1. Quick check, is Ala54 touching a residue at least 40 places away in the same chain (Cβ under 8 Å), under 27 Å from Gly184 (Cβ atoms) and within 16 Å of the chain's Cα centre (by Cα)?
2. Can you name the residue in the range 26-68 that is loosely packed, with under 13 Cβ neighbours inside 10 Å and not polar (S, T, N, Q) and, of all such residues, is modelled with the lowest pLDDT?
3. Any idea which of (1) over 30 Å from Arg235 (Cα atoms); (2) touching a residue at least 24 places away in the same chain (Cβ under 8 Å) is the one Asn141 doesn't satisfy?
4. List the number of the failed condition for Trp71; all other conditions in (1) closer than 22 Å to Asp175 by Cβ; (2) surrounded by fewer than 18 Cβ atoms within 10 Å (Cβ to Cβ); (3) in contact with a Ser or Thr (Cβ under 9 Å, 6 or more places away or on another chain) hold.
5. Given the criterion buried (at least 19 other Cβ atoms within 10 Å of the Cβ), closer than 17 Å to Ala80 by Cα and polar (S, T, N, Q), identify the matching residue among Thr213, Thr200.
6. So, Asn85, is that one among the polar types (S, T, N, Q), out of contact with any strand residue (DSSP E or B) (no Cβ under 8 Å at 6 or more places or on another chain) and part of a loop (DSSP other than H, G, I, E, B) or not?
Amino acid sequence: MRWGITLSALVLLCSVAASGSSGARGANCPATLANQLASTGSATQLITVVAQRARSTLGSLRLWRRRGDCWVAVDGAWTAHLGRNGVSESKREGDKTTPAGEFGIQPVMYGIGANPGVRYRYHRIVCGDWWVEDVRSPFYNRFHHVRCGMKPPFRITSEDMSRSPISYRYLAVIDYNAHPIVPGRGSGIFLHISASGGPTLGCVSLTRAQLVTVLLWLDPTASPEIVIGTAGTIRNY
């Protein structure tokens with residue numbers, strides 16, 4: 001009996017100590033949004049995009065870097081354009097929402113323009129470059145090149161990427177619906193330049209100057225994450 005009581009007391013003591021340690025780390029960090037997120041994994045660079053409500057088509061985008069146990073602001077806040085139908089945790093293909101959640105950045109950046117100096121691998125977009133939106137295609141939610149002028153082997157729902165000289169001047173691919181790719185969950189979620197100054201079809205867009213600042217700042221060795229959500233839900237990610 002005495003051994004059981006001692007063991008229980010030890011377990012309780014360890015639990016209290018662990019809780020106190022976590023609380024101490026939290027107390028040492030400023031009470032900013034980035035420091036209140038549920039998890040940011042091993043990332044040392046972070047982008048947050050906060051919409052006021054689920055139907056909002058605008059969000060506040062900010063850059064952060066990890067310093068010790070805490071996140072510190074780097075740049076922003078900037079106004080980002082979001083999907084025409086707001087943000088959603090249950091995005092579907094063609095619903096014109098921006099997916100909510102925590103995502104990485106894919107290892108290749110793209111652009112019609114010459115590489116502006118990014119630290120990622122860079123593919124310069126040419127005629128015949130597509131991001132496949134056909135849910136029945138084996139190339140769904142992947143980059144695929146077709147010889148310029150040839151009919152693609154998938155259903156076409158938009159023009160090839162080379163036909164968007166402003167939006168796709170430079171872009172990063174948000175790693176949404178990729179591990180695994182689930183047909184119908186949504187495709188081609190980019191961080192790109194705002195061409196119209198209005199809502200997107202589901203991407204996150206900024207002014208050209210702001211986007212270039214973000215792309216040049218992102219470092220693949222920092223395992224950057226982008227967290228998108230509403231003011232009421234983003235801290236859950």
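1. no
2. This residue is Ala27.
3. Of everything listed in (1) over 30 Å from Arg235 (Cα atoms); (2) touching a residue at least 24 places away in the same chain (Cβ under 8 Å), Asn141 misses just condition (1).
4. Only one criterion is unmet by Trp71, namely (2).
5. Numbers: Thr213 fails: buried (at least 19 other Cβ atoms within 10 Å of the Cβ).
Thr200 is the lone residue from the list that is buried (at least 19 other Cβ atoms within 10 Å of the Cβ), closer than 17 Å to Ala80 by Cα and polar (S, T, N, Q).
6. Numbers: among the polar types (S, T, N, Q): yes; out of contact with any strand residue (DSSP E or B) (no Cβ under 8 Å at 6 or more places or on another chain): yes; part of a loop (DSSP other than H, G, I, E, B): yes.
It is true that Asn85 is among the polar types (S, T, N, Q), out of contact with any strand residue (DSSP E or B) (no Cβ under 8 Å at 6 or more places or on another chain) and part of a loop (DSSP other than H, G, I, E, B).
The values are calculated or read from the model by the stated rules, or taken from the named source; none is laboratory data. Keep in mind that what you see is a predicted model, and the values were worked out from it rather than measured. Cβ sites come from the backbone with ideal geometry, for glycine too, and all protein chains shown count toward neighbours.
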